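**Student:** Quick one: structure below, then a few questions.
The values are calculated or read from the model by the stated rules, or taken from the named source; none is laboratory data. Source: prediction; values computed, not measured. Here the Cβ is made from the backbone with ideal geometry for all residues, glycine too, and neighbour counts use every protein chain on show. Side chains are part of the model used for accessible areas, which takes the heavy atoms of the whole protein and leaves out ligands, DNA and RNA. Shrake-Rupley method; radii C 1.70, N 1.55, O 1.52, S 1.80 Å.
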Amino acid sequence: MALDGSDQFNWDEITVFTAWNFPSANTWTTLFGRSGANNSATAASWLFMARRADLTPPYYRFRINGPTTATAPDINTAYSAQIKSANILVLRYNGSNQRAYLNGNTVANYSFTDGMRDTNYRLTLGGEDDAGGGAGNLDFSEFLVFKNALSDADVNVIEGYLAHKWGLLD
């Protein structure tokens, strides 16, 4: 699924919230983001991908721009197995730091000051915008995108709301 008009979303910051489930074991698959290819140095603004979802523990990445360890840190594998069940995932980039939260826990927190690349790729859910990317088998209950990096307090409020709404509270 691609969001028409999202190829014009060339922002400096972003916060994404999703209540979702990724039950499959696809590898090197873009799950969502603004990307033409998940392993290209120039074909992405940002994306969330399954790097090796077939491993135990699985590996997932929140990538800004191209494929380097600075722009594509792995999600902490102590939490990555939770991605294969219903959960709340939050991705945030504020121009100097990229951070991922899973079910209220910080699972990636890296400094990155090069900014997001402007691209003409649309925001896609379940694959890449080049029509040739692998499509992940996943289910979304909710997907929210903000054009700025929300504060920790705002992230907590929205995470709590989504967890309550979708019955994902402990």
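**Student:** Against the condition touching a helix residue (DSSP H, G or I) at 6+ places or on another chain (Cβ under 8 Å), without any contact (Cβ under 8 Å) to a residue 40 or more places away in the chain and of a type outside the set (Phe, Trp, Tyr), how does residue 123 come out, does it pass?
**Tutor:** Taking the combined requirement at face value, the residue does not satisfy it.
**Student:** Please work out if residue 110 is closer than 23 Å to residue 151 by Cβ, surrounded by fewer than 19 Cβ atoms within 10 Å (Cβ to Cβ), modelled with pLDDT of 85 or more and aromatic (Phe, Trp, Tyr). Outline the logic, then answer.
**Tutor:** Values: closer than 23 Å to residue 151 by Cβ: yes; surrounded by fewer than 19 Cβ atoms within 10 Å (Cβ to Cβ): yes; modelled with pLDDT of 85 or more: yes; aromatic (Phe, Trp, Tyr): yes.
For residue 110, the condition - closer than 23 Å to residue 151 by Cβ, surrounded by fewer than 19 Cβ atoms within 10 Å (Cβ to Cβ), modelled with pLDDT of 85 or more and aromatic (Phe, Trp, Tyr) - is met.
**Student:** For the subset of region 8-36 comprising residues that are part of a strand (DSSP E or B) and either touching a Lys or Arg at 6+ places or on another chain (Cβ under 6 Å) or of a type in the set (Lys, Arg) (or both), which member is most open to solvent (accessible area, probe 1.4 Å)?
**Tutor:** 27
**Student:** What number goes with the only condition from (1) open to solvent by less than 60 Å² (accessible area, probe 1.4 Å); (2) modelled with pLDDT under 90; (3) not in a loop (DSSP other than H, G, I, E, B) that residue 129 does not pass?
**Tutor:** In the conditions (1) open to solvent by less than 60 Å² (accessible area, probe 1.4 Å); (2) modelled with pLDDT under 90; (3) not in a loop (DSSP other than H, G, I, E, B), residue 129 misses (3) alone.
**Student:** Could you list, in sequence order, the residues of region 7-39 that are within 16 Å of the chain's Cα centre (by Cα) and of a type in the set (Ser, Thr, Tyr)?
**Tutor:** Those that are within 16 Å of the chain's Cα centre (by Cα) and of a type in the set (Ser, Thr, Tyr): 15, 18, 27, 29, 30, 35.
**Student:** Restricted to region 37-47, and to residues that are outside any loop (DSSP other than H, G, I, E, B) and aliphatic (A, V, I, L, M), which residue is nearest to residue 91 (Cα to Cα)?
**Tutor:** Only one residue fits best here, namely 47.
**Student:** Could you tell me how many of the residues in region 7-33 are of a type outside the set (Phe, Trp, Tyr), under 12 Å from residue 127 (Cβ atoms) and at pLDDT 80 or above?
**Tutor:** Going through region 7-33, the residues of a type outside the set (Phe, Trp, Tyr) turn out to be 7-8, 10, 12-16, 18-19, 21, 23-27, 29-31, 33.
Subsequent filtering for residues that are under 12 Å from residue 127 (Cβ atoms) retains 26, 29-31, 33.
This time we only want the ones that are at pLDDT 80 or above, so: 29-31, 33.
Selection size over region 7-33: 4.
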